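Comments concern the structure below.
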Amino acid sequence: MARAKKIIAAPLIETIRVPVCPVRNSVIYPNIVQSVDAGRALSSAAIQAAADGDKQLFIVSQRSKDIDEPTTTDLFDVGTLTTILRMRRNPDGTVSTMIQASARAKVHAYYFGANYIEADIELLEDIEGDASQTLAMKRELETRFSEVTRNKSLPQETIQFIQTLENPSQIADRIAFDLDFKLEDRQALLEELSVLERMKRVLVLLVSELELSQTQARIQQQVKEEIDRNQREYFLREQMKAIQKELRGEEEGDDEVEAFKAKIEKLGLEADTQKEIDRELNRLARMHPDSAEASVIRTYLTWITELPWNTRSEDMLDLKEAEKVLEEDHYGLEKVKDRVLEFLAVRSLRKQRAEKGEMSATDVNKGPILVFVGPPGVGKTSIAKSIAKALGRKYVRIALGGARDEADIRGHRRTYIGSLPGRIVQGLKTAGTKNPVFLLDEIDKLGSSYQGDPSSALLEVLDPAQNAHFTDHYLGVPFDLSEVMFIATANYPEQIPAPLLDRMEFIDFNSYIEQEKLEIAKRYILPRQTLENGLKENQILITDGALLRLIQHYTREAGVRTLEREVGSLLRKAARKLANGDLKRVRIGETDLEKYLGGQKHQIERENLENLVGVATGMFYTPVGGDILFIETSVMPGKGLILTGQLGDVMKESARAALSYAKKNAARFHIPLERLDEREIHIHVPAGGIPKEGPSAGVTMTTSLVSALTGVPARHDVSMTGEITLTGRVLPIGGLKEKVLGARRAGIKHIIMPKANTADLDDIPTHLRRSMTFHPCENLDQVLEVALEGGLAALERKAISDTPKKKVKPRSAKLQPSASA
């Protein structure tokens, strides 16, 4: 017969249901009388429900003080059962309650009512331990509490009350209540039912509190010994230092050296560089943190960790997209755009070869070093920014104008107070990548002084064979600049030192022609100024004729800066009319410019209306563009050569060379000798207030001189340029494009130019080449054949007509060419 299995039933747990009052950052222990102020509706309703009932209220602490509407997961499981002694409602709606805690209690279940929380709680009883251990722990607790109260500002009555207690459990609870322990520690003491274990925990907290008090006392003593009693501000600073010193010794997680080590390990530095940085780290670790040298090393390591040693941006190798970006931002500048697209194409092919293992990765990322040379306002700086945009790279610009110190480039050595890296390294830190587009603006404005020559320091930066190991004086370790795309700008290339210019690829920016300025004004300037002046596109219309006249008569520049200012002035005046309500739409035509901007500021030089003796038309070039000039020669009684018009030395030499050539070829040109030996020759270049210089007026001076000496007029529709020699050769000149554009603007149809400059005709727009006739010449005979009315044959005819018939002698029928022809 099978025996029946005996089933032992689990003991029933007795619980009571009471209202719950959550409190923040506070724990109440049994046998303590405490006031509770409730401001939340949840707590006020619970207190009111308890007061209306049996006065029993369960107080439990929240896990986080930041929660206004706690749920069951936001409350601890153990709290305190209390009895309400009295309750009062305040005028502001809060409830003030005096309660007396009676026992620890554990929650079995929470219930959410209409406006407050209830809980089923089980009362908990203390677990007594060994009597002798409890007594010993009680005495140790009292001793430590007495030591702590010497440094703690507790009320005297509180100290005396605790000293009168005999119950070990009440002593532990009261100490935990009166001292400022953490919320987690106080809650753990409430949940601990073993009296002996609870006393141990309180003792550990007291020991920690005692050590903290002693440390604070030691800090205060150190500060008092170091400073004067009346210097309160200094006292506070020293106290802060001492606190930081103590914390640094205790909190290993805040170790500054370890933080630097962690950052440097992520940089992936080369072995030699890593060795140098580790040496500085070890020096910092051995130094007092408040020493001056430690501050210097700390700044140095901060610079090291913030530089982009191996951070680079990925190049955008889509040629069509890059071309689209360049075209959107700038009109013209075809050579520059072609060079950027060539770089991208080469970069793309290099990358393909590197992926196949046919070349190293370092060779793939090498960047070109370009220098943009041209007059102000032609877009040198802005195109560099567009290049960075087209490549998908960061853009950095530093202005070198007026830089006179080598340290601007290489930085200061760390021996100097306040030393910093050079502007190259600073720019790389700003960019955050090691391959930005780096613009060295106004490189021709570099100076030099006793502090060094910055242009010499740039030799290493801009040398592709050296800049992979550029060493800044401040860093003291090599930094790779080979991936940086350096672009320099300059107005006058002759001011750049030759060794520096030799390291850069030269790209010339010519002046904008009128048609280009017109397109730029329509595409970029007008929309930008319309927006800046608060106008809408449908409120303003400036005709093409008005813009062209604005360009010709109100600006005189190579670029478009003055043009933009004048357009802005026009739009501001139009905006005023619109704002006053005078008009709803403003149209500005060619004839309206004087009304808005006043009279013309610049007059275009026009060609002569007739052929004149001794007056030849030349061409000149300045940074703001080209134009024509007239050279006038007069022959009168007297002797010698007079040159006027504020001519430079080179131009004076050209006039003397022209006179020497005319004397040497007097017989061929039928020039009477008495006109050379017994006449004063005066050569004048109008606009005497403007300095003039250069050799390119040689052919014009010769034509003017020969015309005056022979009486044969020079053609008014021919303009010329070219340097001459004593043997009559015509040498090449510069600025042909600008000179031709200026001549065309003046109405000239025929251009005499050196034959060696024929290749420069490709730079002139096709429509202008078709509308003009060019005469490339190698010698002065060819020049005079075109420049004089009737050519060289007219010289002989003029001589015959000026000679009396009775004195006419048979002469050669044809003019013999010069030996240099």
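Miscellaneous remarks
- Between 0 and 90°, nearest 10: helix 736-745 axis offset from the chain longest Cα axis: 70
- Inter-label distance, nm, simple model (7 Å from Cα along the C-beta direction), Arg797/Val204: 12.4
- Inter-centroid distance (Cα atoms) of segment 511-525 relative to segment 644-705, Å: 39
- Taken over the Cα atoms of the chain, the convex hull encloses 386 Å³ per residue.
- Sites Arg24 and Thr471 - FRET efficiency at Förster radius 51 Å, r taken between beta-carbons, to 0.05: 0.30
- Rg/Rh for segment 1-160 stands at 1.11; both radii use Cα atoms, and Rh follows the Kirkwood definition.
- In sequence order, calculated HN-Hα J values of segment 469-480 (Karplus, 6.51, -1.76, 1.60; Hz; x Gly/Pro): 10, 5, 10, 7, 4, 6, 5, x, 9, x, 10, 7
- With contacts taken as Cα pairs under 8 Å at a separation of at least 6 residues, segment 517-566 carries a relative contact order of 47 percent.
- Under 24 Å from the Cα of Lys749 - lysines, other chains or at least 8 residues apart: Lys517, Lys737, Lys739
- Surface share of carbon and sulfur [accessible, 1.4 angstrom probe, percent] for the chain: 49
- Highest-first arrangement of 29-35, 757-763, 736-742, where packing means the average Cβ count within 10 Å: 736-742, 29-35, 757-763
- At R0 = 51 Å, FRET efficiency that the Cβ-Cβ distance of Leu267 and Ser146 yields, to 0.05: 0.40
- Computed from backbone phi, the HN-Hα couplings of segment 163-176 come to 5, 8, 6, 10, 6, x, 5, 5, 4, 4, 5, 5, 5, 5 Hz, rounded to whole numbers (Karplus: 6.51 cos²θ - 1.76 cosθ + 1.60, θ = phi - 60°; Gly and Pro given as x).
- Approximate shape of segment 565-671 as ellipsoid semi-axes (Cα gyration tensor, √5λ), whole Å, largest first: 51, 15, 11
- Counting only DSSP H runs of at least 4 residues, each contributing -39500 (n - 2.57), and dividing by the residue count of the chain, the helix-based mean residue ellipticity at 222 nm comes to -13000 deg cm²/dmol.
- Taking 0.36 nm per residue of separation and subtracting the current Cα-Cα distance, fully stretching the chain between Gln495 and Met287 would add 69.9 nm.
- The long axis of helix 561-580 is offset from the longest Cα principal axis of the chain by roughly 70 degrees.
- Amide proton proximity set for Thr311, modelled H, under 5 Å, gap of 5+: Lys434
- Theoretical gain in end-to-end length, Thr158 to Ala109 [0.36 nm per residue, Cα-Cα removed]: 14.0 nm
- Lysines with Cα under 20 Å of Lys324, excluding same-chain neighbours fewer than 8 positions away: Lys335, Lys337, Lys380, Lys385, Lys389, Lys394, Lys522
- In sequence order, calculated HN-Hα J values of segment 684-691 (Karplus, 6.51, -1.76, 1.60; Hz; x Gly/Pro): 10, 10, x, 6, x, x, 10, x
- Each of the peptides 554-566, 527-539 was scored by the mean count of other Cβ atoms within 10 Å over its residues; in descending order, highest first, they stand as 554-566, 527-539.
- 10 °C / 1.306 mPa s Stokes-Einstein diffusion coefficient of segment 512-629, Kirkwood radius on C-alpha pairs, µm²/s: 101
- According to the Kirkwood relation over distinct C-alpha pairs, the hydrodynamic radius of segment 713-804 is 14.1 Å.
- Under 5 Å between amide hydrogens, built in the peptide plane, is the criterion, and for Gly791 it picks out nothing among residues at least 5 positions away or on other chains.
- Ordering 637-645, 100-108, 207-215 by mean Cβ neighbour count within 10 Å, with the highest value first, yields 100-108, 207-215, 637-645.
The values are calculated or read from the model by the stated rules, or taken from the named source; none is laboratory data. None of these values were measured; they are calculated from a predicted model. Neighbour counts run over all protein chains shown; Cβ positions are idealised from the backbone, glycine included. Remember, those area values only see protein heavy atoms, side chains included, never the ligands or the DNA or RNA. Shrake-Rupley method; radii C 1.70, N 1.55, O 1.52, S 1.80 Å.
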